[in-house]
Amino acid sequence: MATTNTQQLSDIDKLRDAFSSIGSINDILAAFGLLDMPPAQKYGILFGCITFTFTVIAVLTLLTLGGSWKRIEEQARSGELVTPPDSVSQRKRRPLLLERLLEGREWMMKTNYGHNLHDESSNTTATTTTEFTNLTKMLMTVAPSNKAAMDKEYEANYIKAYKRCQDKPSGPILGGRPNHRFEAYARAYAGCGSHTTLTYRWSYARMYESLAGKSHESDERYSTLFKERPHDIIGRTVRLEPLESSRHCNELWEITSGNACNEHKAYNPDEVWGFLDYGPFKNAQSMVESGVFQLEKQNCAAFAIVEFVTNRLVGVIHLTNDDPKNLTIQMELPIVKPSSDGSVEQLEGCFLLLDRLFAYGYRRIQICIDTQDVRGKRLPQRLGFTQEGTLYKHMIVKEANRDSLMYGMLNSDWDKGARAFLMKKLHGAAFQKADATIVAKEEAVEDQEEKLRVKQEAEAKEKEEEAVANGKK
């Protein structure tokens, strides 16, 4: 009779009877044969079950909130097959470049190469450093030869920067020179040109203003330097001068010949020239006739790194393989004497050039180094470059094979931390923090001015439309 009653029960009643017999966790463990296990293992299994339960709940919640169930339902109604996108479809989904980068790309191609970047007839002409390449001219600080020759863009940038610094200078005004900070900030800001980013102009101008405005002596020195060499790129410890054989060759040969020079002892010149395709040189004239000063292609540039305090030459830095169409360029290892390798002057020379290149819109800067150049490998690491790979049998240097290590720096890496890291190393944490604060405030002011300008234009357009409508009536 009892068997008959059990068979007449529904499935729900059977489950209810089964769960009613469970009065504690021990009953559950006994049902699964786990009652006699050690307590540690029991608790481990328990927490594992709880974790699994919460994971399932989280996944189901994300699927629900993300609309996955709805999409599955819609696909079931439409009968469309869900397939992974092919390579062509994925290519079409690539995000486009920022308009600023595209405009800078077009401007550099037109200005430096006349849109004929890969035209061998216009790109392989040997160029002496007495006649600067277009790339060198682009990177040089912009400055008019005189007030009469000042172009409209430079004048507009100068006036705008002068007024901005008047509103909030970054330091105290020197006695007897009420305009010294405004003039320093304005000429540095305008000198960056109209094709660099605003953040770079603000940062470079504030750095220049803070250095020039320290004392009467510093203001006098920077003003004189601007009059004598207005196209140099100025830093804290060094400045970058466009490389000229007549100005730099003799001193460069002296410091890289291996002979004792100034306070430095004699050394093996192969420490400088051993991994390069030219050098050492017997005299300065043979250096002038080499690739140090004779740039083989128009897509190259060369700058001398000059110590700011002593005016001594630290070394030379070259740019090669300029490709504005793809916004990439290669920076060669600076040619410096061994005692200057890894120095602050070497790092700042590279920093000044990297900062200006990225400000013009370059997306990638690479450094290519011989795999056996142990000392040369340290510089990209100090600058924050990423080692990307090895190019085997890449070059033939001095009739021998050379395998090369490729290092790269992206504009995104530069903006997200590499620039701040180098600025902190070169100028100190306080200066880097102040620079970030100034740039943030300038961006806020620029944004407010842009909104005001758009509002004024809209109001002017609305008034013009009303006047036209009233005239028709």
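Using the beta-carbon distance between Asp413 and Glu73 and R0 = 51 Å, what value does 1/(1 + (r/R0)^6) give for FRET efficiency, to the nearest 0.05?
Given R0 = 51 Å and the Cβ-Cβ separation, E is 0.75.
Tell me, what is the FRET efficiency for Leu35 and Thr61 to the nearest 0.05, using R0 = 35 angstrom and their Cβ-Cβ distance as r?
Result of the calculation: an efficiency of 0.55.
On the principal axes of its Cα set, how long, how wide and how thick is segment 196-348? Give whole Å, largest value first.
45, 44, 27
Note down the relative contact order for the chain as a percent, whole number, built from C-alpha pairs under 8 angstrom at least six residues apart.
Reported as a whole number, the value is 12 percent.
For segment 149-222, what mean projected area does the convex hull of the alpha carbons give, in nm²?
Taking a quarter of the hull surface, the average projection is 4.9 nm².
Rounded, prolate or oblate: which one fits segment 278-354, using the alpha carbon gyration tensor with axes a ≥ b ≥ c (rounded when a/c is under 1.5, else prolate when a/b beats b/c, else oblate)?
It comes out oblate by the Cα gyration axes.
Can you give the helix-only mean residue ellipticity at 222 nm for the chain, where every DSSP H stretch with n ≥ 4 adds -39500 (n - 2.57) and the sum goes over all residues, rounded to the nearest 500 deg cm²/dmol?
-16500 deg cm²/dmol
Amide H of Gly315 versus every other amide H placed in the peptide plane: which residues, excluding those fewer than 5 positions away on the same chain, fall under 5 Å?
Ile305
Through the Karplus equation 6.51 cos²θ - 1.76 cosθ + 1.60, θ set to phi - 60°, convert the phi angles of segment 287-304 into ³J(HN,Hα) values in whole Hz; use x for Gly and Pro.
5, 4, 7, 8, x, 5, 10, 8, 6, 6, 9, 6, 8, 10, 8, 9, 9, 8
Just to check I understand the Karplus step: with θ = phi - 60° and J = 6.51 cos²θ - 1.76 cosθ + 1.60, what whole-Hz values come out for segment 225-238, glycine and proline as x?
Those phi angles translate into 5, 5, 5, 7, 9, x, 9, 6, 9, 9, x, 7, 9, 9 Hz.
Students often get this wrong, so check it: of Lys393/Lys424; Lys214/Lys377; Lys168/Lys455, which have C-alpha atoms separated by over 28 Å?
As for pairs spanning more than 28 Å Cα to Cα, those are Lys393/Lys424; Lys214/Lys377.
Tell me the label only: which of [x] 1.27; [y] 1.47; [z] 1.23 is Cα Rg over 2.2 N^0.38 Å as calculated from this structure?
The listed entry that was calculated here is [y].
For the pair Gln285/Thr111, report the inter-label distance in nm, with labels modelled 7 Å from Cα in the Cβ direction.
About 3.9 nm, to one decimal.
Leaving out ligands and nucleic acids, and using a 1.4 Å probe, what accessible area per residue does the chain come to in Å²?
So the chain comes to 59 Å² accessible per residue, rounded to a whole number.
List the residues, sorted by chain then number, that are 5 or more residues from Thr196 or on another chain and whose placed amide H is less than 5 Å from its amide H.
Here nothing satisfies the definition.
Residue-wise, which Karplus ³J(HN,Hα) couplings in Hz belong to segment 49-61, taking 6.51 cos²θ - 1.76 cosθ + 1.60, θ = phi - 60°, and x for glycine or proline?
Per-residue couplings from phi come out as 5, 5, 4, 4, 5, 5, 5, 4, 4, 5, 4, 5, 5 Hz.
Give, in nm to one decimal, the length gained when the segment between His264 and Glu307 is fully stretched (0.36 nm per residue of separation minus the Cα-Cα distance).
The His264-Glu307 span can extend by a further 13.9 nm.
Lys/Arg Cβ at +1, Asp/Glu Cβ at -1, dipole of the chain taken about the Cα centre: which of Leu139, Phe52, Cys165 is farthest positive-ward?
Cys165
Between Lys137 and His216, what's the calculated FRET efficiency when r is the beta-carbon distance and R0 is 30 Å? Round to 0.05.
0.35
Give me the net charge of Ser87's neighbourhood, meaning all other residues with Cβ under 15 Å from the Cβ of Ser87; Lys, Arg count +1, Asp, Glu -1.
Once positives and negatives cancel, what remains is +3.
Listed highest first by mean packing, meaning other Cβ atoms within 10 Å per residue, what order do 211-222, 350-361 come in?
Ranked by mean Cβ neighbours within 10 Å, highest first: 350-361, 211-222.
Hey, any idea what % of the chain's accessible area is carbon plus sulfur with a 1.4 Å probe?
55
The values are calculated or read from the model by the stated rules, or taken from the named source; none is laboratory data. In this text the structure is predicted, and so the values were computed from the model without any measurement. Reconstructed Cβ throughout: ideal geometry from the backbone, glycine too, with neighbour counts over all protein chains shown. We work out accessible area using only protein heavy atoms, side chains counted, and drop any ligands, DNA or RNA first. Shrake-Rupley method; radii C 1.70, N 1.55, O 1.52, S 1.80 Å.
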